[in-house]
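Coordinate-derived values only; no laboratory data. Everything quoted here is computed from the prediction, not taken from an experiment. Please note: Cβ atoms are built from the backbone with ideal geometry, for glycine as well, and neighbour counts cover all protein chains shown.
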Amino acid sequence: WWKDVPLGPPDVILGIYEAHKVDPNPNKVDLTVGAYRCENGKPYVLKTVLQAEQNIVDKQLDKEYNDIGSEYFREVTYRLAVGEELCDRPHVSVQSISGSGSIKIAAEVIKRLYKGNQLVFIPNPSWVYHAPMFELSGVNTAFYRYYDERSHYIDHSGLMTDLTYMPDNSIVLFQMVGHNPTASDPSPEQWREMSRILKNKNVLVFFDMAYQGFGSGCTETDAYAVRHFIKEGHKVVFAQSYSKNLGMYSVRVGAATFMVDGKDDGQPILDQMKHLAMCSYGQPPIHGSQVVEEIFRDKNLQKSWHEELHMMVDRIKKMRELLTMKLKAIGSSHDWSHIMKQQGMFFFSGLSVEQCEKLINDHSIYVVKNGRMAIPGINEKNVDYVAQCLHQVTK
Ligand code: PLP
Ligand code: TYF
């Protein structure tokens, strides 16, 4: 029946993750998906989340339709992004299906606001789904320079130049923290410079905030960029996700927010977001938002959440140090300084496709073929093996 239908594009990350699952090699290491793993290599369910779920059961909370998310959920989620200082700024937000659904809803609204006439500029490189999400929503995409392959860090002059020449009224997408895949985030000074450059261009600034907390370990510190751009009077939209910072990957909880000029200014945007949600997935799932609400209602749960977030980020930092040390100890003369310079979930190694394929095929170390490695897959048990194999393929 469907022989004329072409195959869909393969998922370059999850495809390798699936291949890892069926590899019988006992030494195999999975460094593919951007999801946290414990020291024992297993996924981590936050104790804070388990306690919040227990509360939900104990309270026998209902599972009524969830509309655009409760006032309380949307309020605390907004505050998590903007902090106390900006919490009274006019905005409209809807709970959505984690970061992905929130980006998509916002992209669909943007298409209606701009009628397909403006480009959205995306960092080169960026998360693999950014461009297709906008394209599928009818918003054309272009790239701006972001990453310097030689320094393995931000391409300062390329980035600033491309922002300078960005046409007025464009849309620009930034990853707020924990950039996927480059693990390279602008410094506060660089964010300020970027804001100054864009100031008089009437640009719509779109923040993807998938990793808030996973940069520094502190959700406040990590929100510097979005807060600075709002304070500076930019038109800001942002997509939040609790997938990573609460370890609720498959629970699918997040929010899409448009900053607006006053309450009336926001009503059409809110209506649009609500309608688009109703016509695609209906209403957002309530379980994850109840978990979030339980945590925000209880100071002790908030405290334990932040402790667990710190614990995850600290282990990632420790693994960066350990891997660097091991590579040095076994005599690798390759430049690995970017392991420590980068932050967040990933190490963007700069290894070639051939080197990555060697890691996968000869050593059962599963990495994304653009050289991206998810640090949480490394632990004290496999770090020697990972170091040896990295040394092997870079000799
Ligand atoms: N944005 C970025 C940069 C990501 O890396 C991811 C997931 O890895 C997402 C968005 C979407 O994640 P989720 O839909 O689980 O929030
Ligand atoms: O590791 C990454 O970059 C992601 C992971 O719906 C991912 O692409 C997997 C599934 C999904 C969103 C993100």
- Message: Taking amide H atoms as placed 1.01 Å from N in the peptide plane, list the residues 5 or more away in sequence, or in a different chain, whose amide H sits under 5 Å from that of SER96.
- Response: GLY254, ALA255, ALA256
- Message: For a quick check: sort LEU322, LEU276 by the number of other beta carbons within 10 angstrom, fewest at the front.
- Response: LEU322, LEU276
- Which order do the peptides 256-267, 180-191 take when ranked by the mean count of other beta-carbon atoms within 10 Å per residue, highest first? 180-191, 256-267
- Whether segment 1-133 is rounded, prolate or oblate, judged on the alpha carbon gyration tensor where a/c under 1.5 counts as rounded: oblate
- The alpha-carbon center of segment 70-108 and that of segment 6-43 are separated, in whole Å, by 31 Å
- Message: Quick check: pseudo-label points 7 Å beyond the Cα along Cα→Cβ at GLU84 and GLN54, how many nm apart are they?
- Response: 3.1 nm
- Message: So for the chain, averaging the separation of alpha carbon pairs under 8 Å that are six or more residues apart and normalising by length, what relative contact order in percent results?
- Response: 26 percent
- To the nearest 10 degrees, how steeply does helix 286-297 sit against the main Cα axis of the chain, on a 0 to 90 scale? 90 degrees
- Under the Karplus curve 6.51 cos²θ - 1.76 cosθ + 1.60, θ = phi - 60°, whole-Hz ³J(HN,Hα) for segment 115-125, x wherever Gly or Pro sits: 6, x, 8, 10, 8, 9, 8, 10, x, 10, x
- Item | Global form of segment 279-366, assessed from the alpha-carbon gyration tensor, a/c cut-off 1.5 | oblate
- Relative packing of 59-65, 313-319, 103-109, which averages over residues the other C-beta atoms within 10 Å, highest first: 103-109, 313-319, 59-65
- Item | Interchain or long-range residues, amide H under 5 Å from PHE143's placed H | ILE122
- In percent, how large is the relative contact order of segment 204-317, given Cα pairs closer than 8 Å and 6 or more residues apart? 27 percent
- Gain on full stretching of the segment that runs from ASP384 to ASP11 - 0.36 nm per residue minus C-alpha separation: 131.3 nm
- Inter-site label distance for ALA142 and LYS395 at 7 Å from Cα along Cβ, in nm: 4.7 nm
- Item | Two-site label geometry, ARG196 and LYS115: point separation in nm, points 7 Å out along Cα→Cβ | 3.7 nm
- Message: Distance cut-off 24 Å, Cα to Cα: go down the list LYS28/LYS318; LYS299/LYS381; LYS59/LYS244; LYS231/LYS299 and report the pairs above it.
- Response: LYS299/LYS381; LYS59/LYS244; LYS231/LYS299
- Item | Cβ crowding within 10 Å averaged over residues, with 281-293, 207-219 ranked highest first | 207-219, 281-293
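For a test of the definition: using alpha carbon positions, the gyration tensor, and the 1.5 limit on a/c, classify segment 322-366 as rounded, prolate or oblate. Intermediate values should be presented prior to the final figure.
Details: a/c = 1.86, a/b = 1.30, b/c = 1.43.
Taking the square roots of the gyration eigenvalues as a ≥ b ≥ c, segment 322-366 is oblate.
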- Difference of contour (0.36 nm per residue) and Cα-Cα distance, ASP261 to GLU220: 12.3 nm
- Item | Computed lengthening from LYS42 to SER187, 0.36 nm per intervening residue step minus Cα-Cα distance | 49.0 nm
- Item | LYS231/ASP4 FRET efficiency (R0 45 Å; Cβ-Cβ; nearest 0.05) | 0.25
